[in-house]
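Working notes, beginning with the structure itself.
The values are calculated or read from the model by the stated rules, or taken from the named source; none is laboratory data. Here the structure is a predicted model, which is why all the values come from computation and not from measurement. With ideal geometry, Cβ positions are generated from the backbone for all residues, glycine too; neighbour counts draw on all protein chains shown.
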Amino acid sequence: MKTVVDLFDIRQERKRLAGMVGLVPTMGYLHQGHLSLVQRAKQECSSVIATIFVNPTQFGENEDLSAYPRDLPGDLDKFERQGVDLVWLPSVEIMYPAEYQTWVSVVRLSQRLEGEMRPDHFRGVATVVAKLFNATQPDKAYFGQKDAQQLIVIRRMVADLNFPLDVVACPTIREADGLAMSSRNAYLNQAERQATPILYHALSSAKNAFTNGERDAENLRQIVIQLINQEPLARLQYVSCADPHNLQELEGKISGSALISLAVYFGKTRLIDNVLLGEN
Ligand code: AMP
């Protein structure tokens, strides 16, 4: 496994890779969710490039950029064990040099759900992912369903800007009790951690209701809201039941598929999760 930092080096090393190249972008502090993307990329590509970059432009002013967990030696060890070929660790100065002023904005999709709570978040995500694509020129890029809106925003950007690559969506990997794996789970104290399975329980209850014929969007939202409100350590920020193609909030009877997504605080830790209804 080769590890590079400079833009010149990633370009040179990329040129050496033959056949299908898969890209797995991450912010590090790796867990099995990240590694599942690598495993999928290994199955489908001849070479896998992984990146670790804690992207400052996707964090809001009062968010956790400085506290974001990091473990570079552990991450490199994990990537190596998974058979990653090339790791790119760009610095903030490489990604955002002085006078930086160019942004990619996926306008409407970025304003909904997470974007309502985190106004510049998806502008930062789309911009950094576009830059990662430019530098690594992948044939396929792997993203987790865990960040459902991110996936939808990136698919739109790839289509709109004609990036010559396939976006591959990978299922959410969960702990045994249902908590979606996330680097941010490290912030939870023991009591909070024990309360978190309510998220998947609530989402699964809505999914079961949908499977059993419930099609009213508000009823589905209410199933999730009521269960989460029963957990004293959980502070609900939003529950959405939206069209998974345009993220418009659904009202009345659902005719096709739906994305139920939520953001919930446990203490200071903000967790997101989602389930797709009527697909897969
Ligand atoms: P992050 O390091 O949080 O930016 O995540 C990097 C990639 O891993 C993104 O495509 C995430 O959607 C994906 N990812 C994070 N957590 C999970 C998970 N629990 N299951 C599957 N993919 C995940």
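Test R270 against the criterion of being in a strand (DSSP E or B) and more than 20 Å from the chain's Cα centre (by Cα), and give yes or no.
No; evaluated as a whole, the condition is false for this residue.
Out of all the residues in segment 92-113, is one or more touching a residue at least 24 places away in the same chain (Cβ under 8 Å), under 19 Å from N55 (Cβ atoms), within 14 Å of the ligand (Cβ to nearest atom) and crowded, with 19+ Cβ neighbours inside 10 Å?
no
Any residue at all in segment 204-225 that is touching a residue at least 12 places away in the same chain (Cβ under 8 Å) and of a type in the set (D, E)?
Checking segment 204-225: at least one residue is touching a residue at least 12 places away in the same chain (Cβ under 8 Å) and of a type in the set (D, E).
Name the single residue that is nearest to the ligand (Cβ to nearest atom) among those in segment 151-166 being within 21 Å of P90 (Cβ to Cβ) and in contact with a strand residue (DSSP E or B) (Cβ under 8 Å, 6 or more places away or on another chain).
Looking at residues that are within 21 Å of P90 (Cβ to Cβ) and in contact with a strand residue (DSSP E or B) (Cβ under 8 Å, 6 or more places away or on another chain), I get I154.
Go through segment 124-150 residue by residue and tally those that are more than 10 Å from the ligand (Cβ to nearest atom) and of a type in the set (F, W, Y).
Total satisfying the criteria: 1.
State whether the residues of segment 145-161 include one that is among the acidic types (D, E), more than 26 Å from K42 (Cα to Cα) and either crowded, with 18+ Cβ neighbours inside 10 Å or in contact with a helix residue (DSSP H, G or I) (Cβ under 9 Å, 6 or more places away or on another chain) (or both).
no
Among residues belonging to segment 167-193 that are of a type in the set (S, T, N, Q) and within 15 Å of the ligand (Cβ to nearest atom), point out the one that is surrounded by the most Cβ atoms within 10 Å (Cβ to Cβ). Explain how you work it out, then say what you get.
Initially, segment 167-193 is screened for residues of a type in the set (S, T, N, Q), giving 172, 182-183, 185, 189-190.
Then drop every residue that is not within 15 Å of the ligand (Cβ to nearest atom), which leaves 172, 182-183, 185.
Values: T172: 19, S182: 23, S183: 19, N185: 19.
Only one residue fits best here, namely S182.
Table: residues versus (1) more than 12 Å from the ligand (Cβ to nearest atom); (2) modelled with pLDDT of 95 or more; (3) of a type in the set (A, V, I, L, M); (4) over 25 Å from S110 (Cβ atoms).
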residue	(1), (2), (3), (4)
M1	yes, yes, yes, yes
L7	yes, yes, yes, yes
R14	yes, yes, no, yes
H31	no, yes, no, yes
V54	no, yes, yes, no
R81	yes, yes, no, yes
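Given the structure, is L76 over 15 Å from the mean Cα position of the chain (by Cα), within 16 Å of the ligand (Cβ to nearest atom) and in a loop (DSSP other than H, G, I, E, B)?
no
R155 - would you say it is within 27 Å of L7 (Cα to Cα) and free of Cβ contacts under 8 Å to residues at least 40 places away in the same chain?
So R155 fits the description; yes.
Identify the residue in segment 216-268 that is β-branched (V, I, T) and in contact with a Ser or Thr (Cβ under 9 Å, 6 or more places away or on another chain) and, among all such residues, is surrounded by the fewest Cβ atoms within 10 Å (Cβ to Cβ).
Only one residue fits best here, namely V239.
If V21 satisfies all but one of (1) over 18 Å from L165 (Cβ atoms); (2) more than 10 Å from the ligand (Cβ to nearest atom), what's the number of the condition it fails?
That leaves (1) as the condition not met.
Looking at L151, L199, which is the one that is over 14 Å from V264 (Cβ atoms) and aliphatic (A, V, I, L, M)?
Just one listed residue meets the conditions, L151.
For R81, indicate whether it is farther than 20 Å from T172 by Cα, part of a helix (DSSP H, G or I) and among the basic types (K, R). Walk me through it before giving the result.
Working: farther than 20 Å from T172 by Cα: yes; part of a helix (DSSP H, G or I): yes; among the basic types (K, R): yes.
Yes: the conditions hold for R81.
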